[in-house]
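Working notes, structure below.
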Amino acid sequence: LGAEKLDAFVATSPYNVRYYTEGTSGGVLIAPLDGEATLLVNPLEEYAALDQAKGCNVERYIQPDLPARLAEKLGGNRSVGFDDLSHQLLGKLSMQLTRASLAQRADLASKQRRYKDEREVKLMEEAGRLADVAMDALREKLAVGVMEYELAATASYGMMAEGAESHSFDPIVA
């Protein structure tokens, strides 16, 4: 963040929140230059976030309170980047953080995701192994007359049975 001249970054994109926290709960991640990151989640996502999210504190919020909670967490920061805030939320936040400069920086997460660390390489290797499992399961099931949805279910089941938590995208069988 320092190299980007930002005091904090707010991630709301589910893809970016997942990238930074390794969790699938969603929410709003506030990452200050100095200090620990906080993931704000609605009550329905709280247990999943507490179970999955890494490298951040998890706190509950109720939707009408989100602008105030964000402002509270970002209060002392002068330069705040964000990936994807709604126009309404950005307006409310701007009114509460009158001394802060808010800038859309959707490119920031993309830049960071380009370079893989050891953990990410291991995750990619595991994803490749799970894809191999899916392909092996498909080979066993593949026959004339088998429906595409059956093959998709076979691939999905094979990966999940081997420990996959979810899909990056829906299975494509054509």
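The values are calculated or read from the model by the stated rules, or taken from the named source; none is laboratory data. None of these values were measured; they are calculated from a predicted model. Methodologically, a virtual Cβ is constructed for each residue, glycine included, from the backbone with ideal geometry; neighbour enumeration extends over all protein chains shown. Keep in mind that these areas ignore ligands, DNA and RNA; they rest on the heavy atoms of the full protein, side chains included. Shrake-Rupley method; radii C 1.70, N 1.55, O 1.52, S 1.80 Å.
For Gly75, what charge total do you get from the other residues with a beta carbon under 12 Å from its beta carbon, if Lys and Arg give +1 and Asp and Glu give -1?
Value of the local net charge: +2.
What is the distance in Å between the Cα centroid of the range 81-150 and that of the range 22-71?
Here the answer is 17 Å between Cα centres.
With a point put 7 Å past each Cα toward its Cβ, work out how far Ala143 is from Leu123 in nm, to one decimal.
Result for the modelled spin labels: 3.9 nm.
With Cβ to Cβ distances under 14 Å as the rule, what net charge do the other residues near Ser101 carry (K, R +1; D, E -1)?
Its environment carries a net charge of +2.
Please state the shape class of the chain: rounded when a/c is under 1.5, otherwise prolate if a/b exceeds b/c and oblate if not, all from the C-alpha gyration tensor.
Prolate is the answer for the chain, as a/c is 1.5 or above and a/b outweighs b/c.
Would you mind counting up the charge near Ala31? Only other residues with Cβ under 12 Å from its Cβ, with Lys and Arg at +1 and Asp and Glu at -1.
So the surrounding residues net to -3.
Counting only protein heavy atoms and a 1.4 Å probe, tell me what percentage of the chain's accessible area is made up of carbon and sulfur.
53 percent
How far apart, in nm, are two points set 7 Å out from the Cα along the Cα-to-Cβ line at Ala68 and at Tyr115?
Result: 4.1 nm between the two label points.
With the other protein chains left in place, how much accessible area per residue, in square angstrom, belongs to the range 45-174 at a 1.4 angstrom probe?
Averaged over the residues of the range 45-174, the accessible area is 69 Å².
Nearest 20 debye, what's the magnitude of the dipole of the chain about its Cα centre given +1 on Lys and Arg Cβ and -1 on Asp and Glu Cβ?
760 debye
Name the residues whose placed amide hydrogens come within less than 5 Å of the amide hydrogen of Val58, ignoring near sequence neighbours (fewer than 5 apart) on the same chain.
Leu39
If packing is taken as the average count of other Cβ atoms within 10 Å, what order do 152-158, 82-88 fall into, highest mean first?
152-158, 82-88
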